[in-house]
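Heads up, the thing below is written out as structure tokens.
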Amino acid sequence: MCPDCRRPAADCACKAAAAPRDQGPVRVSRETKGRGGKAVTLVRGLALEAEALAALAKRLRTLCGAGGTVKDGVVEIQGEHCERVLAALAAEGITAKRAGG
């Protein structure tokens, strides 16, 4: 028996729900809402494991010369660096699109 969903181990639905899903293309956008007027660059839709996502965020922060973090699977880079991030993702073989205005 699965301790989480209380089903037989062969019919467990927990692992299927926890598997990463392809959520469409990677989107790069700029946002200022709720940040005191300061801009951040957001990268959403990356279907990577937590460790790989953290490593990618580190490379992007270093490239942009800015701080940032990973929150809920979204990479946040401080400042307006959409074009640099798009170029870096393309160099890594990740197809990304600019979102927003």
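Overall size of the chain from C-alpha positions, given as principal axis extents largest first: 50, 32, 24 Å. Sorted fewest first by neighbouring Cβ atoms within 10 angstrom, ARG59, ARG84 come out as ARG59, ARG84.
Treating r as the C-beta distance of CYS12 and ALA55 and R0 as 30 Å, the FRET efficiency rounds to 0.50. Spin-label model, THR32/THR95: points 7 Å from Cα along the beta carbon direction are separated by 3.3 nm. Helix 82-91 and the longest principal axis of the C-alpha atoms of the chain enclose an angle of approximately 60°. Rounded to the nearest 10 degrees, the angle from helix 50-64 to the longest Cα principal axis of the chain is 0 degrees.
Would you mind counting up the charge near VAL26? Only other residues with Cβ under 9 Å from its Cβ, with Lys and Arg at +1 and Asp and Glu at -1. Don't skip to the end; give the middle numbers.
Details: positive: ARG27, ARG44, LYS97; negative: none.
That works out to +3.
Put a plus charge on the Cβ of each Lys and Arg, a minus charge on the Cβ of each Asp and Glu, and nothing anywhere else: the dipole of the stretch 20-98 about its Cα centre is then about 280 debye.
Taking other residues whose beta carbon is less than 14 angstrom from the beta carbon of VAL43, and scoring Lys, Arg as +1 and Asp, Glu as -1, yields +4.
Taking a Cβ cut-off of under 14 Å around LYS97, the surrounding Lys, Arg, Asp and Glu residues balance to a net charge of +3, with basic ones at +1 and acidic ones at -1.
We did not get these values from a lab; they are worked out from the coordinates using the rules stated. Bear in mind the structure is a predicted one, so any value in this text is a computation, not a measurement. Please note: Cβ atoms are built from the backbone with ideal geometry, for glycine as well, and neighbour counts cover all protein chains shown.
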